[in-house]
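A quick write-up on the structure given underneath.
The values are calculated or read from the model by the stated rules, or taken from the named source; none is laboratory data. Note that this is a predicted model, so its numbers are computed, not measured. Counting neighbours? That spans all protein chains shown, and the Cβs are built from the backbone with ideal geometry, glycine included.
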Amino acid sequence: MPKPQFVYVTYIETTPEKLWEALTSSEFTRQYWFGAEVNSDWKVGSPFALLLDGEVTDSGEILEADPPRRLSYSFKHHKYEELRGEPTSRVVFTIEPFGSLVRLTVLHDGFVEGGKYLGAVSNGWPAILSQLKSLLETGKLLGIPRAALNKGFDVK
Amino acid sequence: MSKPEYVYVTYIETTADTLWRALTDGDLTERYWFGNRIASDWTPGSAYRFTNAGSPTVEGEVIVFDPVRKLAHSWIDRKPEAAGESASRVTFDLEPRGKVVKLTVTHDELGEDGRTRRSISGGWPMVLSNLKSLLETGHVIEIAAPSCSAKDAA
């Protein structure tokens, strides 16, 4: 039986350096990550936090940082009561040059069987990564309603 | 536990009408689907077929044709390397969300041996990344055949 995990692959017309910056700069993430800001010095072992309107929604630790190829952090949710009991998960970004493009693979794992967190994450990442691709390719955002992020557990 | 399935969601700045046309018009699929042209009379129960330079690549039967919301068809890979794979099913769900469309592609009824799943898991992100770029920027991104471009990039 495979372990519960979320994997998403997207091809973006950009460079690995720009994509790395987009993943690690809060000015960038605020635009495509529905207002969320990343905060870290991006050194292995350093703390990582995701903030929304100044409030820490998720936090963890940098597990791998190999710019502009691989970034990984642990990820523990704090905002929603329904998800606070879930264990600390892990996010891994793999950036690979692909001809004139970049292939981005996002792996999010460390979920419990039957938990709600995987559903929330599975709803959120496609919206975030669709915005990221559009921002890097067209310079503008899609304007996906923020509700797209929460639907995984709110509406059930 | 349900049978193996593959799901990919993407949000595209377009209209449901334009996205529907992109999924069902051979002139458009040829541009973002690596030269594969789709053709059918789009009646449930009818045959449809993808051809590439005139040779059939994928074919099957139209199962659901509900413009501009839902399209489903069976999926029989006719490429020689896919010989012996069983028929699977592809469903496209289009949901307008403000000025974007949420597209959900579900490829299910995949064989237990994992062969079809392995081949389509690599293909869908490429096809759908290309489709999104084409509709948003007016041009496709240059996704080359994986084997050559991996070498070029190294």
Would you mind finding the one in B:VAL68, B:VAL90 that is in contact with a His (Cβ under 9 Å, 6 or more places away or on another chain) and free of Cβ contacts under 8 Å to residues at least 60 places away in the same chain?
-> B:VAL90
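Matching residues to (1) of a type in the set (Asp, Glu); (2) closer than 25 Å to A:LEU132 by Cα; (3) out of contact with any Leu (no Cβ under 6 Å at 6 or more places or on another chain):
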residue	(1), (2), (3)
B:THR10	no, yes, no
B:THR14	no, yes, no
B:LEU28	no, yes, yes
B:ASN36	no, no, yes
B:ALA72	no, no, yes
Tell me which of these B:GLU95 doesn't satisfy, since it passes every other one: (1) within 20 Å of A:GLN131 (Cβ to Cβ); (2) buried (at least 16 other Cβ atoms within 10 Å of the Cβ); (3) at pLDDT 95 or above.
-> (2)
Determine whether A:THR14 is within 14 Å of chain B (Cβ to nearest Cβ), among the polar types (S, T, N, Q) and within 30 Å of B:ILE141 (Cβ to Cβ).
-> yes
Taking the stretch B:1-39, which residues are farther than 19 Å from B:GLY138 by Cβ, hydrophobic (A, V, I, L, M, F, W, C) and within 14 Å of another protein chain (Cβ to nearest Cβ)?
-> B:MET1, B:VAL7, B:VAL9
Scan the stretch B:101-112 and report the pairs whose first residue is on the phi > 0 side of the Ramachandran plot and whose second residue is assigned to a strand (DSSP E or B), with Cβ atoms within less than 9 Å and a gap of 6+ or a chain change.
-> B:GLU109/B:SER74; B:GLU109/B:TRP75; B:GLU109/B:SER88; B:GLU109/B:ARG89
Determine whether B:LYS3 is surrounded by 13 or more Cβ atoms within 10 Å (Cβ to Cβ) and either among the charged types (D, E, K, R) or at pLDDT below 95 (or both).
-> no
Which members of the stretch B:40-55 meet the condition of being over 16 Å from B:TRP20 (Cβ atoms) and surrounded by 14 or more Cβ atoms within 10 Å (Cβ to Cβ)?
-> B:ALA47, B:ARG49, B:PHE50, B:THR51, B:ASN52
Out of the residues in the stretch A:93-107 that are buried (at least 17 other Cβ atoms within 10 Å of the Cβ) and under 13 Å from A:VAL9 (Cβ atoms), which is farthest from the other protein chains (Cβ to nearest Cβ)?
-> A:PHE93
Restrict the check to the stretch A:115-132 and report whether at least one residue is more than 13 Å from chain B (Cβ to nearest Cβ), in a loop (DSSP other than H, G, I, E, B) and over 14 Å from the mean Cα position of the chain (by Cα).
-> yes
Is it the case that B:VAL9 is touching a Phe, Trp or Tyr at 6+ places or on another chain (Cβ under 7 Å) and either modelled with pLDDT under 95 or surrounded by 14 or more Cβ atoms within 10 Å (Cβ to Cβ) (or both)?
-> no
